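Structure, as structure tokens:
The values are calculated or read from the model by the stated rules, or taken from the named source; none is laboratory data. Quick caveat: nothing in here was measured; it's all calculated off a predicted structure. Positions of Cβ are backbone-derived with ideal geometry, glycine not excepted, and every protein chain shown enters the neighbour counts.
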Amino acid sequence: MHADPARAGEAVERLLDLALAWEAPGGIRALSGVADAMRGMPGLVSGLRPSSPEPPSPDRVASLLAELSPAATAMLRHVDAHGGEGTTGSARRTVSPEQAASPAEELISRRLLVPRDGDTVVLPGEVGLALRGGRTTTEPVDEVPPLATTSRDPALVARTAAGAAFDVVRRTELLLDHWGVQPPSVLRSGGLAVRDLKLVARELHVDEVGAALLVEVALSAGLIAEGAEPDGTPAWLPTEEFDVWSGRPTAERWARLVGGWLASSRVPSLVGSRDQTGKSWNALAPELSSGLAEEARRLALRVLAGVPEGEVLAVGTGVASVVQHVEWLRPRRPAIFADLVTAALDEAAVLGVSGAGGLPPSGRLVADDDLPAAAAALDPQLPRPVDHVLLQADLTAVAPGPLETEVARRLHLLADVESRGGATVYRFTPGSLRRGFDAGWSALEVRDFLAGVSQTPVPQPLEFLVDDVARTFGSVRVGHAEAFLRADDEAALAALVHDPRSRTLGLRLLAPTVAISTSPLDVLLPRLRELGAAPVVEAADGTVRVSRPDLRRARGRRGRRPAGAVSARQAAQVQAVATAIRAGDRAESSRPASASTTTPSDALAALRDAIEGGTTVVIGYVDNHGATSERVVDPRRLDGGRLSAFDHRADDVREFAVHRITAVRPA
Amino acid sequence: MNDGPLIVQSDKTLLLEVDHPSAAEARKAIAPFAELERSPEHIHTYRLTPLGLWNARAAGHDAEQVVDALLTWSRYAVPHALLVDVAETMGRYGRLRLEKHPVHGLVLSSTDRPVLEEVLRAKKIAGMVGARLDDDSVAVHPSERGNLKQALLKLGWPAEDFAGYVDGEAHAIDLAEDGWTLRPYQREAAQSFWDGGSGVVVLPCGAGKTIVGAASMAQAQATTLILVTNTVSARQWKDELVARTSLTPDEIGEYSGAVKEIRPVTIATYQVLTTKRKGVYPHLDLLDARDWGLIVYDEVHLLPAPIFRMTADLQARRRLGLTATLVREDGREGEVFSLIGPKRYDAPWKDIEAQGYIAPADCVEVRVTLPDGERLAYATSDPDTRYRLASCTHAKIDVVRDLVRQHANQPTLVIGQYIDQLDEVAEMLDAPVIKGETPVKERQRLFNAFRSGEIGLLVVSKVANFSIDLPSAEVAIQISGSFGSRQEEAQRLGRLLRPKTEGRSAHFYTIVSRDTVDADFAQNRQRFLAEQGYAYRIIDAGDLTAEPT
């Protein structure tokens, strides 16, 4: 091995302890299964290959190597560096060293490359060993790749991390508040639509990668889950946990997020990229996880924790050096592991676990998996929550720090956010105040709240704005009615409205001459007539629509055809047709009722039969939410992939998508 | 955690808490590179923009200073991305330099070869530069100096101009400081302009921009071309220069629609320069008529686009821009930066006011309610006539009368947009009107009479908006105004901000119809004034009589 003997000894001891190798009489040997497991794996460290069954002595190999032409030596080194296998092309297999015409033949003739099967030649282990000067690898393997670091003020590291930590908590809260009101729907495949992710990104002023991370972290921390909207469509909703979470101090909330992130198998960094089949990954999709993610994060943090205080990863080269370091520590992880480590470092910076490329005290505690202590360490670094704002005459309110949750919520309702960061700038507009009134605030409450929350007197223009909005609020009222009643005779209208028999019609007087009803026109009209009124229907343009019973007429016959030959032929045809039909009917009745059909073509055939026969069938149908139900229907028409049928349960004609019909059987 | 007065937001705004004990220091530290956006009573908002950072760079500040100022005064952690962005943006200025080469004339050179390669590859630049002299420099045709600077700014690599200026034809000009002296900030402004070579001086209306111009001319000691917005203001410049400098009326020429004189000091209007006949600008020759040593642009924020193009050819002459605001409604701030020069001096209005040079103004919005009949007419009218209906309501006339009565002994201006309404008001108040059709001579007579106190009340249409010095006005009543532009507001307030004799405060009334588009525009005005830090009150027309003066 190309390594320090003492270290090699240690490694061997370790292997023996793990029982991956054993002390055989002829020396230490690996367990037979180990070699099999190692073979063909990517990321193989050593170029060691099985030796020939009867290996020549090392001296012999060395002398053979010395005979080679430079071209053949180069070729051999190339084969060695690229896995120890190659193809020979046109090289002859059986040549003597003297006859060799090409570098490949030179090598084969000296058995420095051994033909295996087909065109393949392999490099025997002893040759490779000789080529590397008697070592298993060309590069030393016991030197841990060093981390590239620069020095940085620890206070700056802590402040940067605290700023990021504060930001991530604030953004998560904003996101979930938003989703609590307008939840995005869950895709059929279980993820979050790209469009919804873009909305989140815009809302939170982050890029889509950042948005994906926030969403995924919220999921890992158990703050969102799949739920259902009132109409049953699945949607991503904040959990009840969120309510508990949002009431906690910022540092604790942060610890919860970080805990979720650290232990989760989710891979937010893949969102937006494409998998092997070219399908792009959606955030929150169930497949978006990897068993290696957690290990990658913990390892990355542990490596980072190894950097002494006052030092941070160098800009540019730092991350790459961590990846190399981790690859040395875990040589047999698949290639994606390096990506996961890189992503973990990025995520740690966004989450405020690390800052400016180094770990602050709170981050070190996270690396030790002591989250409560990490939260306690972070707490003094966070901006103190404030309970007041500064109101200004340009109709803005500035909160000079993070607002207490309750105040922030209320202010959020009454004003629009103009700028975020350490402080928040709110702007009052007629629209934002109206939102407050819509939520049930009164002008007095708004003014009291503003006076209470402001450290300075409420500016006069703001008071005017509140009063102005209050004055116009609700000056136009909107409601729902099925029909209106208009009468110039106020007494007649009043009598109708107050008539006890009209109570079921839901009449309400809006003005002396106008009433509305919650009953539709076709119910209202006959009832009013029963009550002795003589209403006329008014069209949308205000004109009176007169209705009178339709006069019905049949279409007269158009001339008579001469009887005789024609009628005789028709009679014969009718006879024949009737006979055929009867035969069909008999056949039909004698055929046993088929069991439920399942293949689409069977279902289609069965449906066509039912249409032809005008029979009633039971179909199995999958609805929009994936639930299967059975419907009793009379199929009517089948075209364009849709079945139009009379649904007995709905008592109406319904359309069914044929591809969602799972089974058809006779009723 | 730091207890600084500054909060750095992630959207590149800086919030400064004014009442904080170290607010003044922090303001001084950030003022060179951040643009003051709003200055209401408690928290001032500054914004970091590339132009602002480049202006700071041009004034000799470097990225380290900026980052240090932010970190020192910030209360919370400064977003890392923002610091990186600041450093990167500032690093872009000055990588390219325009220099005078003893052999090749004007050259564009760079200390950073890839940058030079990058810009030379841009299609727009390729046509403006000549032969490649060596790896780090390329020849530039002198006539492309302005265009090149403009194009480079658009590419995000603004060039520093070290190519110097022509001295121009010498002409003796001295300040005649008899009975008055240059105010400290005026001296400072003129000095920093001169040290910087070319650039813009930002001073509020009434802070004496004309004097800064005169002081700069005295520095230059050379023939000067002054470009102003209109004829009336041209005459004012002339009067002021005669009064404040050693120049005699014979040495100052006016070049306008009416008179075309070219003298050692020539004052031309933007309008005459931009007049186009048969596709050419016939008066463009003026720019080369003499070997000007200094070109002064009054009200840079109104500089019309054609003048920009002409200015591009004048890069070898010293250029002084004077303005109250760098904000241009057309967003061409970048062209001012590259063609006239970076900001050389800036003093926030409130600071100068606090120094006692400008009277504080009391801004009041008076709300009138439309009578029922007019309200109905308003509600059913077309959107394009609504504004006129709302602003011309008769209810306003009564309010004007009440206000004029309240301020009976103070010189008062009534400002409006609609001629009919102005005529009606003038008739009711028995006061003279100045409108578009009033001849210049008559206008001047009226303005002079107002200034001397002969007339105590003047009704003016929009024409009075720009650059007319009516320092004696103490009360302005705005009855209608076009669509709430910020500039117009600044100008109107400017009328009143000129220094007052007895330190009395000026009053600025706007009369607004409640619940109409008029009120919506008033909202913009209110925001603008409040952002400028003015106290703003709203009163109901009904309460007006109870209001103490």
(request) Considering each residue of region B:28-46, count those that are of a type outside the set (A, V, I, L, M), away from chain A (no Cβ under 14 Å) and out of contact with any strand residue (DSSP E or B) (no Cβ under 6 Å at 6 or more places or on another chain), and give that number. (result) 3
(message) Looking only at residues that are touching a Lys or Arg at 6+ places or on another chain (Cβ under 8 Å) and part of a loop (DSSP other than H, G, I, E, B) in region A:350-364, which one is farthest from the other protein chains (Cβ to nearest Cβ)?
(response) A:Gly357
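Consider B:Ala159 carefully, then state whether it is of a type in the set (A, V, I, L, M) and closer than 16 Å to B:Arg317 by Cα.
No, not satisfied.
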(message) facing chain A (nearest Cβ under 9 Å) and in a helix (DSSP H, G or I): is that true of B:Leu82 in this structure?
(response) no
(message) Looking at B:Phe508 and the list (1) crowded, with 22+ Cβ neighbours inside 10 Å; (2) aromatic (Phe, Trp, Tyr); (3) modelled with pLDDT under 70, which single condition is not satisfied?
(response) (3)
(message) Within region B:67-79, does at least one residue satisfy the condition of being more than 14 Å from every other protein chain (Cβ to nearest Cβ) and touching a Pro at 6+ places or on another chain (Cβ under 7 Å)?
(response) no
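Here's the yes/no breakdown for (1) within 14 Å of another protein chain (Cβ to nearest Cβ); (2) at pLDDT below 90:
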site: A:Arg202; (1), (2): yes, yes
site: A:Glu208; (1), (2): no, yes
site: A:Leu213; (1), (2): no, no
site: A:Ser220; (1), (2): no, no
site: A:Gly227; (1), (2): no, yes
site: A:Leu237; (1), (2): no, no
(message) Out of A:Glu252, A:Glu241, I need the residue that is surrounded by fewer than 22 Cβ atoms within 10 Å (Cβ to Cβ) and in contact with a Gly (Cβ under 6 Å, 6 or more places away or on another chain). Which one?
(response) A:Glu241
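Residue-wise test of (1) of a type outside the set (Ser, Thr, Tyr); (2) crowded, with 23+ Cβ neighbours inside 10 Å; (3) touching a residue at least 40 places away in the same chain (Cβ under 8 Å); (4) not in a helix (DSSP H, G or I).
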| residue | (1), (2), (3), (4) |
| --- | --- |
| A:Val144 | yes, no, yes, yes |
| A:Thr160 | no, yes, yes, no |
| A:His178 | yes, no, no, no |
| A:Glu203 | yes, no, no, no |
| A:Glu226 | yes, no, yes, yes |
(message) With over 20 Å from B:His301 (Cα atoms) and buried (at least 21 other Cβ atoms within 10 Å of the Cβ) as the only criterion, which of B:Thr210, B:Thr181, B:Thr223 stands out?
(response) B:Thr223
(request) Pull up region B:411-453, narrow it to residues that are touching a strand residue (DSSP E or B) at 6+ places or on another chain (Cβ under 7 Å) and among the charged types (D, E, K, R), then point me to the one that is surrounded by the most Cβ atoms within 10 Å (Cβ to Cβ). (result) B:Arg443
(message) Can you find, within region B:17-27, the residue that is nearest to the other protein chains (Cβ to nearest Cβ) among those that are of a type in the set (D, E, K, R) and over 30 Å from A:Ala377 (Cβ atoms)?
(response) B:Asp19
(request) Could you grab me the full set of residues in region A:361-378 that are surrounded by 17 or more Cβ atoms within 10 Å (Cβ to Cβ), under 14 Å from A:Glu252 (Cβ atoms) and in contact (Cβ under 8 Å) with a residue 24 or more places away in the chain? (result) A:Ser362, A:Val366, A:Leu371, A:Ala374, A:Ala375, A:Leu378
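Mind checking which residues of region A:597-618 are of a type in the set (S, T, N, Q) and assigned to a helix (DSSP H, G or I)?
The answer is A:Ser601, and nothing else.
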(message) Cβ-Cβ distance below 6 Å, separation of 6 or more or different chains: which pairs start in region B:524-539 with a residue that is facing chain A (nearest Cβ under 7 Å) and end on one that is among the charged types (D, E, K, R)?
(response) B:Arg527/A:Asp394; B:Ala530/A:Asp394; B:Glu531/A:Asp394; B:Glu531/B:Arg38; B:Ile538/B:Glu365
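Looking at region A:262-296, which of its residues are out of contact with any strand residue (DSSP E or B) (no Cβ under 9 Å at 6 or more places or on another chain), of a type in the set (S, T, N, Q) and free of Cβ contacts under 8 Å to residues at least 60 places away in the same chain?
Correct list: A:Gln276, A:Thr277.
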(message) Suppose we filter region B:181-207 for residues that are touching a residue at least 40 places away in the same chain (Cβ under 8 Å) and in contact with a Leu (Cβ under 9 Å, 6 or more places away or on another chain); how many remain?
(response) 13
(request) Could you figure out which of (1) buried (at least 23 other Cβ atoms within 10 Å of the Cβ); (2) under 20 Å from the mean Cα position of the chain (by Cα) isn't true of B:Pro158? (result) (2)
(message) Can you pull out every residue in region A:479-516 that is surrounded by 16 or more Cβ atoms within 10 Å (Cβ to Cβ), outside any helix (DSSP H, G or I) and touching a Ser or Thr at 6+ places or on another chain (Cβ under 9 Å)?
(response) A:Ala483, A:Leu485, A:Ala487, A:Leu507
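Per-residue answers, yes or no, for (1) more than 28 Å from A:Ala162 (Cα to Cα); (2) without any contact (Cβ under 8 Å) to a residue 24 or more places away in the chain; (3) surrounded by fewer than 16 Cβ atoms within 10 Å (Cβ to Cβ); (4) within 14 Å of chain A (Cβ to nearest Cβ):
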{"residue": "B:Asp3", "(1), (2), (3), (4)": "no, no, yes, yes"}
{"residue": "B:Asp11", "(1), (2), (3), (4)": "no, yes, yes, yes"}
{"residue": "B:Leu15", "(1), (2), (3), (4)": "no, no, no, yes"}
{"residue": "B:Leu48", "(1), (2), (3), (4)": "no, no, no, yes"}
{"residue": "B:Asp62", "(1), (2), (3), (4)": "no, no, yes, no"}
(message) Given the options A:Gly316, A:Gly291, A:Gly357, name the one that is closer than 25 Å to A:Ser269 by Cα, buried (at least 18 other Cβ atoms within 10 Å of the Cβ) and either not hydrophobic (A, V, I, L, M, F, W, C) or not assigned by TED's automatic domain parsing to the domain that holds A:Leu257 (or both).
(response) A:Gly357
(request) May I ask you to say which residue of A:Val446, A:Val476 is more than 24 Å from B:Lys12 (Cβ to Cβ), of a type in the set (Val, Ile, Thr) and modelled with pLDDT of 90 or more? (result) A:Val446
(message) Can you go through B:Leu247, B:Leu286, B:Leu241, B:Leu227 and tell me which one is in contact with a strand residue (DSSP E or B) (Cβ under 7 Å, 6 or more places away or on another chain), hydrophobic (A, V, I, L, M, F, W, C), under 23 Å from B:Arg451 (Cα atoms) and in the same structural domain as B:Ala312 (by TED's automatic domain parsing)?
(response) B:Leu241
